[in-house]
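Right, one structure below, let's go through it.
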Amino acid sequence: MSSDDGLEYVDPAQQRPAEDLDPALPNDPPQPENPAENIPAEEPEPPLELPIPPQLGPVQPIPRGRQPYLMAPHYLGPMTVICPHCQALHFDAEKLTRSTRNNPKFGMCCLQGQ
């Protein structure tokens, strides 16, 4: 019997029994009942001897001059202050001491328009 998709129908009663589907070939050597009989006796390997590192004295604290330099990051804020002469962007902290909030003066960009 065949269906429209090209596959043949096999009646389960006509299928081969499971022992016929056994993957073991008849030419395979018989397996021993106790697998430990098949393993040859081996001598145990001696433990691996690793070199022992030299013993160091007690741990000394690191002197202050040898400690890593940990500096907290600083933040000057946004660059929102514009030089009235050359329109360069600056941080508010870069203003000269004689400048005001309304009339900022800077000495790094154009030397106050000079």
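Against the conditions (1) modelled with pLDDT of 70 or more; (2) on the phi > 0 side of the Ramachandran plot, residue 59 satisfies every one except (2).
Would you say residue 10 is open to solvent by less than 90 Å² (accessible area, probe 1.4 Å), aliphatic (A, V, I, L, M) and either more than 30 Å from residue 106 (Cα to Cα) or at pLDDT below 80 (or both)?
Working: open to solvent by less than 90 Å² (accessible area, probe 1.4 Å): yes; aliphatic (A, V, I, L, M): yes; either more than 30 Å from residue 106 (Cα to Cα) or at pLDDT below 80 (or both): yes.
For residue 10, the condition - open to solvent by less than 90 Å² (accessible area, probe 1.4 Å), aliphatic (A, V, I, L, M) and either more than 30 Å from residue 106 (Cα to Cα) or at pLDDT below 80 (or both) - is met.
The values are calculated or read from the model by the stated rules, or taken from the named source; none is laboratory data. Model, not experiment: these values are computed from the prediction. To get the accessible areas, we keep the full protein, side chains included, count just its heavy atoms, and leave off ligands, DNA and RNA. Shrake-Rupley method; radii C 1.70, N 1.55, O 1.52, S 1.80 Å.
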